[in-house]
1. Specify which of the listed residues (VAL386, VAL361, VAL348) is hydrophobic (A, V, I, L, M, F, W, C) and part of a helix (DSSP H, G or I).
2. Picking from LEU241, LEU219, LEU209, LEU286, which residue would you name as being modelled with pLDDT under 95 and surrounded by 15 or more Cβ atoms within 10 Å (Cβ to Cβ)?
3. Can you tell me which residue is nearest to the ligand (Cβ to nearest atom) among those in the stretch 91-109 that are crowded, with 18+ Cβ neighbours inside 10 Å and of a type in the set (A, V, I, L, M)?
4. Among the residues of the stretch 29-41, is there at least one that is within 21 Å of GLU164 (Cβ to Cβ), within 16 Å of the ligand (Cβ to nearest atom), in contact (Cβ under 8 Å) with a residue 60 or more places away in the chain and surrounded by 14 or more Cβ atoms within 10 Å (Cβ to Cβ)?
5. Cβ-Cβ distance below 7 Å, separation of 6 or more or different chains: which pairs start in the stretch 102-127 with a residue that is without any contact (Cβ under 8 Å) to a residue 60 or more places away in the chain and under 11 Å from PRO85 (Cα atoms) and end on one that is charged (D, E, K, R) and not in a loop (DSSP other than H, G, I, E, B)?
6. Considering each of ASP156, ASP177 in turn, give the residue that is under 27 Å from ALA289 (Cα atoms) and under 31 Å from the mean Cα position of the chain (by Cα).
7. Name every residue in the stretch 154-212 that is among the β-branched types (Val, Ile, Thr), in contact with a Phe, Trp or Tyr (Cβ under 7 Å, 6 or more places away or on another chain) and within 30 Å of ILE19 (Cβ to Cβ), in order of residue number.
8. Could you list, in sequence order, the residues of the stretch 165-218 that are assigned to a loop (DSSP other than H, G, I, E, B) and touching a Leu at 6+ places or on another chain (Cβ under 6 Å)?
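The values are calculated or read from the model by the stated rules, or taken from the named source; none is laboratory data. Every value quoted in this text rests on a predicted model; they were computed, and no experiment measured them. Ideal geometry is used to build each Cβ from the backbone, glycine not excepted, and the neighbour counts take in all protein chains shown.
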Amino acid sequence: MNIPFENFTSFRSGQEETIIAIRESKAKYVIVNAPTGTGKTILGMMSSIGHKSVYTVSTKILQDQIAQDFPEAVVLKGRSNYPCPRYRHILHFGKPAMADSCSKKGCAYLLDSDCQYENTKLSALRSPYRTLNLSYLLTEANGPGGFSNQELVILDEADNVEQELVGYISLELGKRDKELLGSYNLSEPEYLSKQETWKPWSEELLLILIPEGEKLENLGNNPPEYLISLKKQVKRLVSKLIMLRDCSDSTWIRYEIEGKTVYKPTWLTPILSERFLFRHGKKFVLLSATFPEIGTYCRMLGIPESDAEVIELPCTFPIENRRIVFDLDSAVDMAYKTQDIDGLLKQVKIILSRHKSDKGVIHTTSYRLKDAVMSLGDKRLTTHAVSDREAVIEAFKRSERPLVLVSPSVERGINLPDDLCRFQIIAKVPYQSTQDRVVSARLYGSKFGQQWYQADAAQRIVQMAGRGVRHGTDTCVTYILDSQFKKLYVQPRLFPKWFLEAVDIGDV
Ligand code: SF4
């Protein structure tokens, strides 16, 4: 098989066979469980050759990474990443307006092919290889229609697809939105909890907002900043209200969080996922290093398991480099009502003294437990709040000292190769909080909820364990201290084989 990408001259072991299997699969959904080190991007890119296709990821960082590795692919980001030459003189929230403030009608820059966003989009539409982020694909394919009707859609980081899709469909009303609706005397429905009132309310709003949006269509060359804001706000509300009007049913929930009101589906249904994502392609390749259990995953995405083929790749990293240590004798009970914090801290101290010269991470799941671990007073421990998370992580990486990062939120999106992390502690099984409205609606609203809850926690454990082992000669041991892990461990279907083979029921 020829490789048309200049940075790749040969395949790693197993890659060519996997690419052939993906290409030959007749399934609509090909789910490829590809642990770190298997090179999943090249699997996706090679699978797309000869097909009208798009490759999607969920972060800009990954888009940049792909741009570096695959210069043949056109990377197209969301509009807010490109300057708008027409409105660059207008300060929008203190910065020059970007292409998400676009008012195309009568734009001379567009006519002169001088708009960077439009030019990049055109190149992407014409290129055989294009990389988008998933939220952009959803907006484009369901809006103007660009990038719809694909032969193949590759969804990288596909463990995130459900969250992205639910987020795309949900309506969030912030303070500014509520003020706008109030100005039309159209605040929220009278009986808020009654879903039947949402549709007539959204219909009423749309009758006002759609003509408002049309009036704002052409803003000319020098609009006041507030009109740019209003146009964006109305456009967003119209698209979300249409989804609420057309799709909400008794399984949707409404709740308040941090001053916002959220309307969202508890689960994706087959109708929702087909309408907003899966109708845009004939075949989908879903790539991830950490899928939840596959039956649960298909149900979460609203796709029939019978239409899915699963390709599970082995982990190429030696088992001894990625050990997961779980000792039932010394494990502590961290169940919500019977938490043994003293027992936990005792075990943490033992492990810290064993790894005196090593950097490490302690995953605490909650800020409350993070504070308990920090109360040990060990000078190697470093932690963060929500606001300084990035800065603390960067300082941790740069430090020459054997620091230990204590965090409830580094289970994904952070790579700590080699000496940046030689050991990890999972202090508590990362079940999601039942205080969260969506979590409780899922967990207590259907039998499937319990299955999802456990699969989600197992998936998070696999993600945590992956932070410290990033290549074949990297080593990092992960200690799981919570005896609740046993409830998951005895259900092997919840974990990939390559994870289970590294679990070592030994002395902590
Ligand atoms: S088409 Fe014109 S208004 Fe729209 S982003 Fe480009 S330059 Fe700005």
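1. From the options VAL386, VAL361, VAL348, the qualifying one is VAL348.
2. Exactly one residue qualifies, and that residue is LEU219.
3. Top of the filtered list is ALA99.
4. The answer is no, given that none of the residues of the stretch 29-41 is within 21 Å of GLU164 (Cβ to Cβ), within 16 Å of the ligand (Cβ to nearest atom), in contact (Cβ under 8 Å) with a residue 60 or more places away in the chain and surrounded by 14 or more Cβ atoms within 10 Å (Cβ to Cβ).
5. Here the result reads CYS102/ARG79; CYS107/ARG86; TYR109/ARG86; LEU110/GLU118; TYR117/ARG79, each pair linking the stretch 102-127 to a residue that is charged (D, E, K, R) and not in a loop (DSSP other than H, G, I, E, B).
6. Answer to the selection: ASP156.
7. Within the stretch 154-212, just ILE154 meets the criteria.
8. LEU186, SER187
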